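The values are calculated or read from the model by the stated rules, or taken from the named source; none is laboratory data. Values in this document were obtained by computation on a predicted structure and should not be read as measured data. Each accessible area value is taken on the protein alone, full model and side chains, heavy atoms only, with ligands, DNA and RNA left out. Shrake-Rupley method; radii C 1.70, N 1.55, O 1.52, S 1.80 Å.
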Amino acid sequence: MTDRNKQNQNIQSQANTLFSMLSDKFEWVGKIPTMQLPAKYAAVLVGIIVIIFAWKLIAVSKVESDMTKKLENERVLITQQAREYADQQYMKEEERFGQVLSWAVRGELIRHNIDQIDQYLGEIVKMKDTERVVLIGDDGQLLVSTDKRLEETKGTEIFPKEILNLQKITVKSDVDGKKILVIPVMGLNKKIATIVVSYKLPKL
């Protein structure tokens, strides 16, 4: 037991000696928290910290700004594509509608059945956002109008010749503050009349 105690004491003594040597060698490390830096070095250090912080803020702000612009550009592009697609689909539907109406009116017009055409147009004007429907002969005379106030008016006084001379179904987005659908009514060899459907423009 005595030998073992001596051995333990020797090991403890060696450990104490090693710890003492390390403490002396790295004594400056322990003093760092209490070391006093000269004022100019402290100011430089603070300045560096401020610059780094400001640079970080600027970098983050630029990234956020770039992302915002990118998202806005993508939103505008998607909106534009959606509108173009909607316009294309709308045009296709209007062309189908106009073609069917043109065939119906042509048959009645050839038979001089103006009353039946008046009934057709009267039903169409009941459709949502439809304001007025007129049938104008190829000579510029107003044949039928859902707006009875126009019955004594010439067709050329309602719409200019460039609209009445159109040879294919056309949508005009703003004519006298209205959107119109122009439907030529074709006979066997030439156009015999024009139907013009006026719509209310949606409020912005």
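The fraction of accessible area contributed by carbon and sulfur in the stretch 94-204 is 50 percent, rounded to a whole number (1.4 Å probe; ligands and nucleic acids excluded). In the full protein context, the stretch 53-153 carries 75 Å² of accessible surface per residue, based on a 1.4 Å probe and ignoring ligands, DNA and RNA.
Amide H contacts for residue 143 (H built 1.01 Å from N in the peptide plane; partners 5 or more residues away or on another chain; cut-off under 5 Å): 135, 136, 137. Ligands, DNA and RNA aside, residue 69 has an accessible area near 130 Å² when probed at 1.4 Å.
Exceedance of the 24 Å cut-off in Cα-Cα distance is limited, within the set 69/92; 126/178; 126/172; 128/179; 70/178; 154/190, to 69/92; 70/178.
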